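The values are calculated or read from the model by the stated rules, or taken from the named source; none is laboratory data. Fair warning: this is a prediction, and the values are worked out from it, not measured in the lab. Please note: Cβ atoms are built from the backbone with ideal geometry, for glycine as well, and neighbour counts cover all protein chains shown.
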Amino acid sequence: MIVTFDIIILVFLVLAAIIALSVKDLLAAAMVFGIYGFLICLLWAEMGAVDVAFTEATVGAGVSTVLIVATVLNTRRRSTD
Amino acid sequence: MKAKIFASIAVVITGAILLYAVIDFPDFGDPGSPPNAGVPGGAPAASRYYIQNTYRDSKVPNLVTAVLADYRGYDTMFETVVILTAGISIFAILRVVRRDDDPSAPEPVASDRTIDGDHHRIIVGITCRIAAPLIQIFALYVVAHGHYSPGGGFQGGVMLGASFILLALSGSLRETLARFSERDYTRLAFVGILIYAGLGLLPMWVGRNFLDYGALSGLFMTKGEEMARSHSMLGVEIGVAITVMSIMFAMFANLSTRGRLQGGL
Amino acid sequence: MIVTILSILLIVTGLVFFLGAAVGLMRFPDFYCRMHAAGKGDTLSSLLVVSGFALYQLNDIRDFPSDWPVLLVILKLLAVVTFIYLTSPTSTSALADAGWEDGIDPVIEPGHENHLEDDCRKPPVSSPQP
């Protein structure tokens, strides 16, 4: 566990979460959400929970992004709020 | 605007409560924390038991897999059932079956995109065709090697499903559905659960508890109960992988076509 | 010793290319130039860095027959290299193609023609095909 690395990843995590919430284009939000999942995967791998990081890399950064994109393309692209 | 203010207040309050709860957490890797040292006069230390006994009990070096598939077998089984339920609910909400839809009829031209007819998709299509078998081989390695290295049924299953999703995204959904049809993935999803529950039920045949894999040493022809537990974990992981793979692809196929399984993204 | 120096050389070269990719991503004028910098720089620098790691692993082989599992690590790293070599240019190509289909125009100096315009621009996706 490297504290500096942790803090850097956590800062980027918070940034990615805020961007994913505030972007009007839902496709861009889906992509930022994928980045969020990948950062969480990095954080877990760095803290030693490799199994969880593996799951997050496949589910969070991989498949769920595709599912969200598929949903966005079949509904509306823009957020209203 | 008003909704946004209320939402922000709710988020801030929840976050503050969560942060307050974090104060009570033990430090990262603290040897004196309750899971590592036990409660004085109460429960013994869980992590110490797993660390000391897992290899002796089941000859599995990866403690995470041993805890997931053996010690906490019920938990993992019903997690898999949860995934199956998610797949069933997506099917129930989205899938559209019309009687006048002839599944053998050719699709409309605009959505019938194949790799070979469209030079914009050749590079991506060919690369994904090369990459998909590699991903599947790695996924099988992850499933089969789950006791010795990080990985296991969930991860391998998601990767297998992702390889089919990749084929459907880069080529056409119709070609992928011709190889892995709706009938196949619906059946496989249940087959996975049946493998898990069946392996759990087999020990009851000889009068042991549900999911007590040690009783299967006769079935797997191993010398001791330890290797029987290890082999059963592999079988259980295979069941989980089959279910997860099928459900992932089913979710994508239903979500990307609004449940018609025609056209695709 | 030579192995260590060579691997350090590879990794440092890779980092230089990473820096070039990052600078290009910030400085280039339009989408296609930025994709060019990101795609090529990323691919080459990842290749160099991971090859450097693979080379550095050779240090762990003290006596050959008993230390053979190190070769598995090297093999895995080389597999990663091959996979990056396959997928990274493809994703760059797909992104550039998607940008072109989305109607992003490249920045062209006055006096030059846009030759891509001739045959590559597809009709907009939403319009029905004849």
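See the values below:
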quantity: Test: residue in the range A:33-52 that is away from chain B (no Cβ under 12 Å), in a loop (DSSP other than H, G, I, E, B) and surrounded by fewer than 16 Cβ atoms within 10 Å (Cβ to Cβ); calculated: no
quantity: Of all residues in the range A:72-81 being surrounded by fewer than 14 Cβ atoms within 10 Å (Cβ to Cβ) and within 11 Å of chain B (Cβ to nearest Cβ), the one that is farthest from B:Lys4 (Cα to Cα); calculated: A:Thr75
quantity: Helices (runs of 4 or more DSSP H) fully within the range B:147-258 counting 2 or more residues that are in contact with a Cys (Cβ under 7 Å, 6 or more places away or on another chain) and not hydroxyl-bearing (Ser, Thr, Tyr); calculated: B:153-170
quantity: Some residue of the range B:212-225 being β-branched (Val, Ile, Thr) and closer than 30 Å to B:Gly259 by Cβ; calculated: no
quantity: Meets criteria (closer than 30 Å to B:Gly146 by Cα and either among the small types (Gly, Ala, Ser) or within 8 Å of chain B (Cβ to nearest Cβ) (or both)) for A:Thr58; calculated: yes
quantity: Neighbours by Cβ (under 8 Å, 6+ apart or cross-chain): first from the range B:125-139, more than 10 Å from every other protein chain (Cβ to nearest Cβ); second aliphatic (A, V, I, L, M) and part of a helix (DSSP H, G or I); calculated: B:Arg129/B:Leu167; B:Ala132/B:Leu166; B:Ala132/B:Leu167; B:Gln136/B:Met159; B:Gln136/B:Leu160
quantity: Wholly within the range B:40-100, helices (runs of 4 or more DSSP H) carrying at least 2 residues that are farther than 21 Å from B:Ala197 by Cα; calculated: B:46-58, B:73-94
quantity: Selected residue (only one of C:Thr43, C:Thr4, C:Thr13 is of a type in the set (Ser, Thr, Tyr) and either within 22 Å of B:Ala131 (Cα to Cα) or without any contact (Cβ under 8 Å) to a residue 24 or more places away in the chain (or both)); calculated: C:Thr43
quantity: Residue check for C:Tyr56: crowded, with 17+ Cβ neighbours inside 10 Å, part of a helix (DSSP H, G or I) and at pLDDT below 90; calculated: no
quantity: Filter pass, B:Leu261 being touching a Leu at 6+ places or on another chain (Cβ under 9 Å) and within 14 Å of another protein chain (Cβ to nearest Cβ); calculated: yes
quantity: Restricting the range C:60-90 to residues that are exposed (fewer than 13 other Cβ atoms within 10 Å of the Cβ) and aromatic (Phe, Trp, Tyr), the residue that is nearest to B:Ile135 (Cα to Cα); calculated: C:Trp68
quantity: Condition met for B:Arg179 (surrounded by fewer than 19 Cβ atoms within 10 Å (Cβ to Cβ), without any contact (Cβ under 8 Å) to a residue 40 or more places away in the chain, under 21 Å from B:Ala139 (Cα atoms) and not aromatic (Phe, Trp, Tyr)); calculated: yes
